[in-house]
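Here the structure comes first, spelled out in structure tokens, and everything after it is commentary.
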Amino acid sequence: MTLEAGIWWALGRAVVVAGLAALIGWAVARLWRAIKTTWARRCLAVALIAPLLTPAALVGYAYGSLWALAVPYPALNEALYSTVLLMRLTPVAVGVWLLAPSPPIDPAAAHARRLSADTSRVRGVASFLSFLIRSRLRTGLLAASAVFLLAFSDLEMANLFHASAGRTTIAYSWTIWVFDNQVLAPTLTHALRSIVVPMAIQMAVLLGAMELLTLTRGEWAGTGFSLREGGAPVAPSEPRVEGGAQSTPRLGRSLALPVTWAYVVVAVLFTSILPLVLVSIDALRGVATLPKHDWYLDLLRNSVMYGVLAAIGALGLAWVALRVRRGRWWVVLLVCAPGLLGSLVLALAVQAVIIQPAFDAVYDTPIGLVAAHTLWLAPVAVLLCWSVRVGRVDTSLHSARLLRKSAAVRPRRAARRLAWAMRGRPIFWVGAVLFVLAYFEAVAATALYPTGGDPMIVRVYSFMHFNQAFYLSAMVVLMMAVPVVIVGVGAWVLRVLWRE
Amino acid sequence: MHATMTLFNLRASACVCGLALFCALLTGCDNGGGGTSSSGDDDGPLVVYCAHDAVFSEKVLRDFEDETGIEVVPRFDTEASKSLGLVQLIMRERDRPRCDVFWNNEQLGMMQLQREGLLQPYKGEGFARMPDAYKDPDGYWCGFAARLRVWIVNTKAADKGIEADAAALWQRTQAGDLSRVAIAKPLFGTTRTHYTVFWDAWGAGKLKAWHGDWRDRGVTEVNGNGVVMNLVARGSCDYGLTDTDDFYVALDRKDPVAMAPFRLADGRVICIPNTVGIINGTKRLEKAKRLVEYLLSRKNEKNLAWSPSRQIPLGPIDVKELPQDVKDLYEWSKNPYPLSGLGDAADDCLDWLTPEYAR
């Protein structure tokens, strides 16, 4: 199979997945805005974020038997892979629909344009298209671009689903070609040279998305932040009052609401809950074997440390990116671009750099892996750091901070609680998400982990090629449980410390 | 307010920096060098690159640690790029070697490292006990504990007339649809050795024609021998080519599988040993020699024979001490195709395969 074929397969798949994800993301975003109760929003938030945080390796592992049955049917296998990819990445599109800058032309103006537009002439069509990309279609294109970049650069899932039936390849991608080639190539630079075309495609999509963003004039939808022309987001002095056509969709009268709910439930079942249940059943029988393999504790420790360091690094990068002054949006692009190229390209690039004699002190240390994970997480960190400012009111936060200086104990405690709720808790949860993503990342980890510092995911991912085994399932469940416990305990400790 | 914010940011930054430093200290790896011991060795742990499955080899290395007190830091290869990934890594690190001992799960990669001048000769007691067919005469590397290439057959396919009979299975592949026959991509691991044997035994022309014919008739190619085993065990394919250790994973799982050794036309089998070699320029030579001796020892070969991977001992051993499965393999392995002279064939074959799969 050629590199060109891999690019075409990945391109076609990514375009379809991105298009569908943008459409479904739009529906789910409408559902989000339509929901008024807190518990329902929390349920939806968990259902949306779970597929993203569930490691791809777990999904591939859990469905290994199903995949084995589908191998003789290439179309079915490709559909299975694309469906899993779509369900895992749709939450990204939802995030973009909810958080991206609102279009320069509001829905009312767009509706008026539709009523009056004359598309019978070429000039009319051009005008209509120009109008469209300044209306809600622009947000859709942004959502599709984000999903495209992730789908196009996927390796973990592709590697688990990939096979060839004679001359017909299944779940083929340029990333598989690059992976094989970097093993066979005499030097890393030789392997890197071959990815110029995929990188060019990714950069074109990335730059296109950034160009769309610069069309922004309005308020950052849902974030409560406005964006100065070509500049950084600026917090409003008052909370944003939601209103208008977008925030009050009349979904109750149609089937859209239940259908969208049904999709979300099916997606979280298929990509998170069912894989976890399947593996857990096996794990119960494998738990007894775990004490014989006590080395996994070292691997877990390594994974946790890499995850924590990468999360801190990515938070720092996002902090820098979001502090850019007016007219320096390119800093955001600079921070986000490496991560949007995918973990494989990023890992190979980092590897090619640190193997140079000048980086002898860095080579075969955790620095390479942590640096790659930090850059890979940066776009997510930037997006989340923007989003956690929802509802933040500077005056309230400032008042709370003034209260902390109070001589009386009760107001001081109350102020600490307020500060935790408004500032500490959101930042902690952003850090937690970043930590979990880094903890479960397998591609860069495989390429860059230092000798003697294997992360758990690398060992587990390698074992997964043997398909299900009881002890392996137990290791997978343990690997899944560790970040849950760490984040849970961390949240509790920080909450107590912050309050006291 | 600005002062408060600045103070807050300073505190936050200090916390973050402190946490980062703490984590960096905790994450420090164990592969650094140390002082020098009385034997002249670096005091640091012995770095072992290991292409044999971690699930089997980890225990051997830990036992060695317990027995000798020498700390071992292993680096394992992934299933997908088995063995070749570590060979390439050693080649890329030629100017600043990190690895002290390379435990490969096949022979061709070791021969390549020898040609590149990256191995250091060592002939000890373990070397002496191994047959000439499985070691380099100058002591650059030595084989031990082998596997066989085998046909794995789903026993439920018996109603289609498919039985675990090597000659009959080969005959079946001569014509018709092969979509229910599985094989791993021949770029890596033991399937590469299998192709190299064909290259040597048949000649390039016949191998290329055979390979093209198999692909034209829809053979299922996957990412490793473990996946081949899985496809056959789950019934997605009726039979395939894999290694004995992968077959036993399925058998131990009580999957409906049987096997037969793959035989060339003259009846010879493809017996692929593990190999071990010391990396040129190691600073822990004495420790490296002790590990080599340990791996080549009768005790280790016997342990590997009793392990779930059922490795075949190559050195002299009392057959009665072996499990029944390995006794059968031991008998079959007595007529192997010689791999020691296949260095050029391996290079030529890989040169042909690389553009086939990674153009």
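Just so it is clear, none of the values below were taken in a lab; they were calculated from the coordinates. These numbers were taken from a predicted model, which means no experiment stands behind them. Neighbour counts are summed over all protein chains in view; Cβ atoms, including those assigned to glycine, are modelled from backbone coordinates with ideal geometry.
General remarks:
- Contour minus Cα-Cα distance for A:A421 and A:S399 (0.36 nm per residue): 6.6 nm
- The range A:390-465 shape via C-alpha gyration tensor axes, a/c threshold 1.5: prolate
- Given charges at Cβ of Lys, Arg, Asp, Glu: the range B:148-270 dipole, positive-most of B:V249, B:S179, B:I162: B:S179
- Inter-centroid distance (Cα atoms) of the range A:9-42 relative to the range B:168-199, Å: 44 Å
- Spacing of the two label points (7 Å from each Cα toward its C-beta) at B:D252 and A:A200, in nm: 5.0 nm
- Against chain B, whose longest principal axis is taken from its Cα atoms, helix B:343-357 shows a tilt of about 90°.
- Computed magnitude of the charge dipole of chain B (debye, nearest 20; Cβ of K, R +1, Cβ of D, E -1): 460 debye
- Placing +1 on the Cβ of every Lys and Arg and -1 on the Cβ of every Asp and Glu, with nothing else charged, gives the range B:148-270 a dipole about its Cα centre of roughly 180 debye.
- With contributions of -39500 (n - 2.57) from each DSSP H run of at least four residues, the per-residue ellipticity at 222 nm computed over chain B stands at -13500 deg cm²/dmol.
- The range B:165-228: trypsin sites (Lys or Arg not before Pro) in DSSP coil with no more than 14 other Cβ atoms inside 10 Å: none
- Average beta carbon contacts from partner chains per residue of A:357-364, 10 Å cutoff: 2
- In terms of packing, defined here as the mean over residues of other Cβ atoms within 10 angstrom, the peptides B:86-96, A:300-310 line up highest first as A:300-310, B:86-96.
- A dipole drawn for the range B:148-270 from +1 and -1 charges on Cβ atoms has a positive end, and of B:C237, B:Y195, B:H211 the residue lying farthest that way is B:H211.
- Sorted by Cβ density within 10 Å, fewest first, the residues B:H211, B:H194: B:H211, B:H194
- Sequence of B:V276, A:V477 once ranked by neighbouring C-beta atoms within 10 Å, starting from the fewest: A:V477, B:V276
- Sparse-neighbour loop sites [trypsin sites (Lys or Arg not before Pro); the range A:23-96; at most 16 other C-beta within 10 Å; DSSP]: A:K36
- Annotation: lysines with alpha-carbon distance below 22 angstrom to B:K299 (same-chain offsets under eight excluded): A:K292, B:K59, B:K123, B:K135, B:K287, B:K289, B:K320, B:K327, B:K334.
- Fewest-first ranking of A:S65, A:S153, using other Cβ atoms within 10 Å as the exposure measure: A:S65, A:S153
- DSSP-defined antiparallel bridges as percent of all bridges, the range B:148-270, nearest 5: 70 percent
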